[in-house]
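The values are calculated or read from the model by the stated rules, or taken from the named source; none is laboratory data. Computed from a prediction, not measured in an experiment: that's the story for all the values here. Every residue, glycine among them, receives a Cβ derived from its backbone with ideal geometry; neighbour counts consider all protein chains shown.
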Amino acid sequence: MNAIEIRNLSKSFRGMYAVDKLNMTVPVGAIYGFIGENGSGKSTTEKLICGHLVADGGEIKLFGKSFTDAGVRVRVGALIENAGCFPNSSVWANLMMQAINLGLENRDEEIRRVLKIVRMEDSARIKFKSCSLGMKQRIGIAMALLGNPALLILDEPINGLDTDGMRIMREILVEVTQNLGCTVLISSHILGELEKIATHYGIIRQGRMIQELSAREMESRSRVFVSVKTKDMTGAEQALRNKFYNVKREGEYVCIYDVDDTEAIVEHLIKNGHIVSEVRKNKIGLEEYYIELMSKKEEL
Amino acid sequence: MQTAHGLNFESPSLIKRLKGMLGVDFYRLFHTPLFYIFLGIAAIIPALVSMGSAMGDAEETTSLFNNAWQIIAANEPLYVVNDIGEYANMNMVFIFGGIMISIFIGHDYKSGYVKQLFTTHSKKQDYMTSKTLLGAFSMACMCLTYLFGGVLSGAFTGLSFNVNAGSLICAILGKIIMSLGWASLYTFINIIFRAKFGISIALCFILGTGIPVIGAAALIGNTPALNVFLYGSSVYACLSANALAVFICLMNSAVWTTVYIVCGTIILSKRDVY
């Protein structure tokens, strides 16, 4: 069973399609990184799943049931754009309202539990408007975590956070999937961060899903390369071309693609009379893969 | 603690869903100053009206109110009014109630909390029903503080308290019942103009004053046919009211509430939430 299954989902605003026959499959227990440029339809898709927008056509299923099923929807937690809290009410009061809304028993205990998960036990009495951006995002996550959600939908939760804030957010997301068994759909521009936690990826462009792949598939498609720096760069490049298949000059470096044996490269250069001043082992990650994919589609 | 691994999706009953949403609305109502401010306003209005009339010369005072209960309801069901004395009564609660409901629902949208509500509540009628019931409760409370303020100001200005107790009870009961119908109208307006907070408030104010019905009455005269409107039935609950007036208020309120909740639910289901 999949947590989210979308078929041919469309949504237009004044004749312009924000989501255009989108297909999407999010397996249960996944952290699904939803990637795309600004205006590619990520937020619109998330709002459609949450029932905030009405689709022009298509089908959304959550855990095998229609997304309008009250039983499923009560187990969906969302952080779309902002936390959706009342600014003049305290963090505790905002969480209490959501706990009441969900009809939870042991509300105080539940609120303490989610505050602990988001590392905000000591900030419960602060007014929401007095919280920093990072705190507000974490409160949003806490709101979404109330009521033991089976699915978390998070729209750009790490945007605007500092390094520490990102780390905390990352830890929280890993914790909720591993310990609580929650499926997470997370959209973000910060691909480096997403790469650290996502188990699956969906890449969307102009409202259409252009690729869905698991982190393992992503890993297998990732290219490794070694970059070297010598005094005589032209000579070194020529020497490397004689032995290795894919050699390119990239700025101050000579890059040897699809090879990670640095020792063999250095040995070969020394044999040919080149003194190596710098060697780096690199990997093309999600960001580079995404850029490459986007540029390919641009060409098409 | 149960984890999501269980993936057990039990559909909550209508009662459970409504209990949740009403619970949030009432929590907000009692934990924010808005409700108390409007209760205060409802208590002060009769004082302002009666004090204002008492400050004029003696003749004018007599022409506005000669009985304290006229601050609560008019003697007769007058849809066309000649002076402020015939107009200014408990019906004014419905004007301020409209503003309060607009602010309350407006905050739902402005803060973004509406997203939380609609994420977890897929049934849109939950929202319409909850806001209507909350608005009705608020206006009913405002009617009571208005009554309290009216009695106090009547006593201070030395007005007579002679009245047919049965008719007075019918009038007050009728107006309290009408709170439900008015609340559904205001909720409906706020659903239509949810992104345009100013328009919602202005429209609620205009409809709450009863101007369209007063205008219609000026054209077609003081006819009981105007009781089909919320303002008409609210006026009908006057100091000459009887059980029939209460029944008319009950029917009017129930029918309009059903119409507005159904229409509001359809609009919410067919259009984007925000």
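A:THR44 meets the stated requirement of being touching a residue at least 12 places away in the same chain (Cβ under 8 Å), more than 9 Å from chain B (Cβ to nearest Cβ) and over 20 Å from A:LEU286 (Cβ atoms).
Residues being touching a Cys at 6+ places or on another chain (Cβ under 6 Å), polar (S, T, N, Q) and either at the interface with chain B (Cβ under 9 Å from one of its Cβ atoms) or free of Cβ contacts under 8 Å to residues at least 60 places away in the same chain (or both) are entirely absent from the range A:137-144.
Quick one: is A:ASN38 within 24 Å of the chain's Cα centre (by Cα), more than 13 Å from every other protein chain (Cβ to nearest Cβ) and part of a loop (DSSP other than H, G, I, E, B)? Talk me through it step by step, then tell me what you get.
Values: within 24 Å of the chain's Cα centre (by Cα): yes; more than 13 Å from every other protein chain (Cβ to nearest Cβ): yes; part of a loop (DSSP other than H, G, I, E, B): yes.
Criteria met by A:ASN38.
Candidates in the range A:259-287 are the residues that are modelled with pLDDT under 80 and within 27 Å of the chain's Cα centre (by Cα); of these, the one that is nearest to A:ILE35 (Cα to Cα) is A:GLY285. Entry remark, the range A:232-260: residues being under 30 Å from A:LEU194 (Cα atoms), acidic (Asp, Glu) and free of Cβ contacts under 8 Å to residues at least 24 places away in the same chain number 2 in total. Determine whether B:THR120 is crowded, with 24+ Cβ neighbours inside 10 Å, within 13 Å of chain A (Cβ to nearest Cβ) and among the hydroxyl-bearing types (Ser, Thr, Tyr). Against the criterion (crowded, with 24+ Cβ neighbours inside 10 Å, within 13 Å of chain A (Cβ to nearest Cβ) and among the hydroxyl-bearing types (Ser, Thr, Tyr)), B:THR120 qualifies.
Go through the range B:82-93 residue by residue and tally those that are surrounded by fewer than 17 Cβ atoms within 10 Å (Cβ to Cβ) and either at pLDDT 85 or above or over 19 Å from B:ILE45 (Cα atoms) (or both). Residues in the range B:82-93 being surrounded by fewer than 17 Cβ atoms within 10 Å (Cβ to Cβ) and either at pLDDT 85 or above or over 19 Å from B:ILE45 (Cα atoms) (or both): 1 in total.
Residue by residue, here is whether (1) at pLDDT 95 or above; (2) of a type in the set (S, T, N, Q); (3) over 21 Å from B:SER102 (Cα atoms) holds:
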{"residue": "B:GLY198", "(1), (2), (3)": "no, no, no"}
{"residue": "B:VAL235", "(1), (2), (3)": "no, no, yes"}
{"residue": "B:ILE261", "(1), (2), (3)": "yes, no, no"}
{"residue": "B:LYS270", "(1), (2), (3)": "no, no, yes"}
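Under the condition of being under 26 Å from the mean Cα position of the chain (by Cα) and within 7 Å of chain B (Cβ to nearest Cβ), which residue from the range A:84-107 is farthest from B:GLY112 (Cα to Cα)? Looking at the filtered set, the residue picked out is A:GLN98. For the subset of the range B:36-81 comprising residues that are closer than 14 Å to B:GLY158 by Cβ and assigned to a loop (DSSP other than H, G, I, E, B), which member is modelled with the lowest pLDDT? Among those residues, the one meeting the criterion is B:MET55.
Of everything listed in (1) within 30 Å of A:ILE80 (Cα to Cα); (2) in contact with a strand residue (DSSP E or B) (Cβ under 8 Å, 6 or more places away or on another chain), the single unmet condition for B:ALA195 is (2).
Identify, from the list B:GLY135, B:GLY154, the residue that is in a helix (DSSP H, G or I) and more than 30 Å from A:ALA144 (Cβ to Cβ).
On inspection, the qualifying residue turns out to be B:GLY154.
Exactly one residue out of A:ILE168, A:ILE153, A:ILE126 is touching a strand residue (DSSP E or B) at 6+ places or on another chain (Cβ under 9 Å) and farther than 24 Å from B:ASN8 by Cβ, and it is A:ILE126.
Regarding A:LYS229, is this residue assigned to a strand (DSSP E or B), touching an Asp or Glu at 6+ places or on another chain (Cβ under 7 Å) and not hydroxyl-bearing (Ser, Thr, Tyr)? So A:LYS229 fits the description; yes.
When the range B:228-274 is filtered for residues that are closer than 22 Å to B:GLU86 by Cα and either within 14 Å of another protein chain (Cβ to nearest Cβ) or of a type in the set (Ser, Thr, Tyr) (or both), the ones remaining, listed by number, are B:TYR231, B:SER233, B:SER234, B:TYR236, B:SER240.
Take the residues of the range A:56-70 that are touching a residue at least 40 places away in the same chain (Cβ under 8 Å) and surrounded by fewer than 22 Cβ atoms within 10 Å (Cβ to Cβ): which is nearest to the other protein chains (Cβ to nearest Cβ)? Going through the qualifying residues, I end up with A:GLY64.
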